[in-house]
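Shown next, in structure tokens, is the structure this report addresses.
The values are calculated or read from the model by the stated rules, or taken from the named source; none is laboratory data. These numbers come from a predicted model, not from an experiment. Methodologically, a virtual Cβ is constructed for each residue, glycine included, from the backbone with ideal geometry; neighbour enumeration extends over all protein chains shown.
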Amino acid sequence: MESAAFSLGDNLAHPVTGESLSESERHRQLIQYSVWAAESGFDAVHIGEHHFNDYMLSSPPVVLSAIGERVPDLILSTAVTLVPTLDPVRATEDYSTLDNLFPGRVEIVAGRGNFFSRSYPAFGLDVRDARDIFEEKLELFQLLLREKNVTWSGKFRGPLENVTVRPRPTSELPIWIGAGSPASALLAAKLGCRLMLPSVFGHPKMFVPIVEQYKEAWEEAGRGADDIVIGSCCHAFAGSDHADMRERFAPRYGHYWNFVDQLISDNTGGKVQMPFDLETFLAGPAVAGSSQECIDRMGELHQLLGHNRQLFMFDLGGVSDSELEETVRRFGEEVLPHLPD
């Protein structure tokens, strides 16, 4: 199984020390986080795009470019590229440029951002059209990456006539689709995209039907089962023992999740609320505890989902540099060698 350091770029103060990073310092921490991950044996780094909140990562290609200069071998990927709020032509230019700087290392995880619906009107879009916008723009994005002299027309942007985006990608860029619904999983299979499960938002069991539907649709589309690639993500911490996790990680985790819960509630008019409960989360979207507990938990997740890549979010909730480096290096030394094949 491949492993990845994962960040959505929350910029919260530490709940105990009150330590707070400037946005500049937080961006620099992300780059150093990736260096520690590379030195610790991780295969990839995934960073997520958000807008207008304390997830302060709004320009993944820029940050990934800085990371790529510091680490020579990590896969450089988004955790989410918010395709509906991007122009596909500009996005193709950005990610193709990134690929030309770091050939063969760039991937894209495309998502709708439906939990953060207030972004849509800020970009002049109607959230009620979110799925249609996503599908149209994603298909155009994929087309522009693959083909020259594109002539195209659609509903949510102006037509194109004989357009070739430059620079051209050095090779075909892998595209994942973040799929928490059957419709998104079916779209991923239809377009030949990899499947990324947004499993930080619930118990992994809830995503098993999504995996099954994706696999079935993939094979119905005439594709080989050996080409299926599935990713999952989690919140993570490896402590010296279980008590250490409860003492150091649990306060940050609760602090972080209260922020997420409020953000989602605000964006859904209070319709979606997910209050924090440590025991529930340790059995659900978290891989946390002693190194052995993390190994055991990963075995359970792989048996459940049969996935190929796991994304680990270590940097949540106002983590300090020293604690972040410690848990990433411990995970690399003591957990990664025991991940399922």
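Which numbered condition in (1) without any contact (Cβ under 8 Å) to a residue 12 or more places away in the chain; (2) within 24 Å of residue 22 (Cα to Cα) is the only one that residue 61 fails?
Answer for residue 61: the failing condition is (1).
Residue 239 versus (1) within 29 Å of residue 195 (Cβ to Cβ); (2) buried (at least 16 other Cβ atoms within 10 Å of the Cβ); (3) not hydroxyl-bearing (Ser, Thr, Tyr): which is the lone unmet condition?
Among (1) within 29 Å of residue 195 (Cβ to Cβ); (2) buried (at least 16 other Cβ atoms within 10 Å of the Cβ); (3) not hydroxyl-bearing (Ser, Thr, Tyr), residue 239 violates only (1).
Counting just the residues of region 1-57 that are at pLDDT below 95 and of a type in the set (D, E, K, R), which one comes out surrounded by the fewest Cβ atoms within 10 Å (Cβ to Cβ)?
Out of the qualifying residues, it is 19.
Quick one: count up the residues across region 326-341 that are among the aliphatic types (A, V, I, L, M) and part of a loop (DSSP other than H, G, I, E, B).
So the count comes out to 2.
Does residue 125 fit the bill of being out of contact with any Leu (no Cβ under 6 Å at 6 or more places or on another chain), among the aliphatic types (A, V, I, L, M) and part of a helix (DSSP H, G or I)?
no
Output the residues belonging to region 206-241 that are among the polar types (S, T, N, Q) and under 25 Å from residue 290 (Cα atoms).
Correct list: 232, 240.
Condition first: out of contact with any helix residue (DSSP H, G or I) (no Cβ under 8 Å at 6 or more places or on another chain), modelled with pLDDT of 95 or more and of a type in the set (A, V, I, L, M). Can you find one or more residues in region 185-193 that meet it?
The answer is no; no qualifying residue exists.
What single numbered condition from (1) buried (at least 24 other Cβ atoms within 10 Å of the Cβ); (2) polar (S, T, N, Q); (3) under 24 Å from residue 150 (Cβ atoms) fails to hold for residue 96?
It fails just one condition, (1).
To keep it simple, each residue is scored yes or no on (1) over 30 Å from residue 303 (Cβ atoms); (2) in a loop (DSSP other than H, G, I, E, B); (3) not polar (S, T, N, Q).
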site: 3; (1), (2), (3): no, no, no
site: 25; (1), (2), (3): yes, no, yes
site: 28; (1), (2), (3): yes, no, yes
site: 32; (1), (2), (3): yes, no, no
site: 36; (1), (2), (3): no, no, yes
site: 50; (1), (2), (3): yes, yes, yes
site: 53; (1), (2), (3): yes, yes, no
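Does residue 272 count as outside any helix (DSSP H, G or I), of a type in the set (Val, Ile, Thr) and touching a residue at least 60 places away in the same chain (Cβ under 8 Å)?
Answer is yes for this residue.
Can you tell me which residues in region 232-257 are small (Gly, Ala, Ser) and in contact with a helix residue (DSSP H, G or I) (Cβ under 9 Å, 6 or more places away or on another chain)?
Initially, region 232-257 is screened for residues small (Gly, Ala, Ser), giving 232, 236, 238-240, 243, 250, 254.
232, 236, 238, 239, 240, 250, 254, listed by residue number.
Kindly indicate whether residue 321 is within 25 Å of residue 26 (Cα to Cα), at pLDDT below 95 and surrounded by fewer than 19 Cβ atoms within 10 Å (Cβ to Cβ).
No: the conditions fail for residue 321.
Name the single residue that is farthest from residue 107 (Cα to Cα) among those in region 137-162 being touching a Ser or Thr at 6+ places or on another chain (Cβ under 8 Å) and in a loop (DSSP other than H, G, I, E, B).
159
When you go through 186, 197 one by one, which is the residue that is touching a Phe, Trp or Tyr at 6+ places or on another chain (Cβ under 9 Å), closer than 26 Å to residue 218 by Cβ and buried (at least 21 other Cβ atoms within 10 Å of the Cβ)?
197
Name the pairs whose Cβ atoms lie under 7 Å apart, with the first residue in region 118-137 and free of Cβ contacts under 8 Å to residues at least 24 places away in the same chain, the second assigned to a helix (DSSP H, G or I), and 6 or more positions between them or separate chains?
Final answer for the pair search is 126/120; 127/120.
Go through the residues of region 79-102 one by one and say whether even a single one is closer than 25 Å to residue 9 by Cβ, part of a loop (DSSP other than H, G, I, E, B), in contact with a Ser or Thr (Cβ under 8 Å, 6 or more places away or on another chain) and hydroxyl-bearing (Ser, Thr, Tyr).
The answer is no, given that none of the residues of region 79-102 is closer than 25 Å to residue 9 by Cβ, part of a loop (DSSP other than H, G, I, E, B), in contact with a Ser or Thr (Cβ under 8 Å, 6 or more places away or on another chain) and hydroxyl-bearing (Ser, Thr, Tyr).
Restricting attention to region 152-178, report how many residues are among the aliphatic types (A, V, I, L, M) and closer than 20 Å to residue 76 by Cα.
3
Is it true that residue 61 is under 28 Å from residue 181 (Cα atoms), within 14 Å of the chain's Cα centre (by Cα) and in a helix (DSSP H, G or I)?
Considered against the rule, which asks whether it is under 28 Å from residue 181 (Cα atoms), within 14 Å of the chain's Cα centre (by Cα) and in a helix (DSSP H, G or I), residue 61 comes out as yes.
Condition check ((1) within 30 Å of residue 269 (Cα to Cα); (2) surrounded by fewer than 15 Cβ atoms within 10 Å (Cβ to Cβ)) across all residues:
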| site | (1), (2) |
| --- | --- |
| 116 | yes, no |
| 130 | yes, no |
| 165 | no, no |
| 171 | no, yes |
| 180 | yes, no |
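Give 279, 326, 293 a once-over and let me know the one that is surrounded by fewer than 17 Cβ atoms within 10 Å (Cβ to Cβ) and either at pLDDT 95 or above or among the charged types (D, E, K, R) (or both).
279
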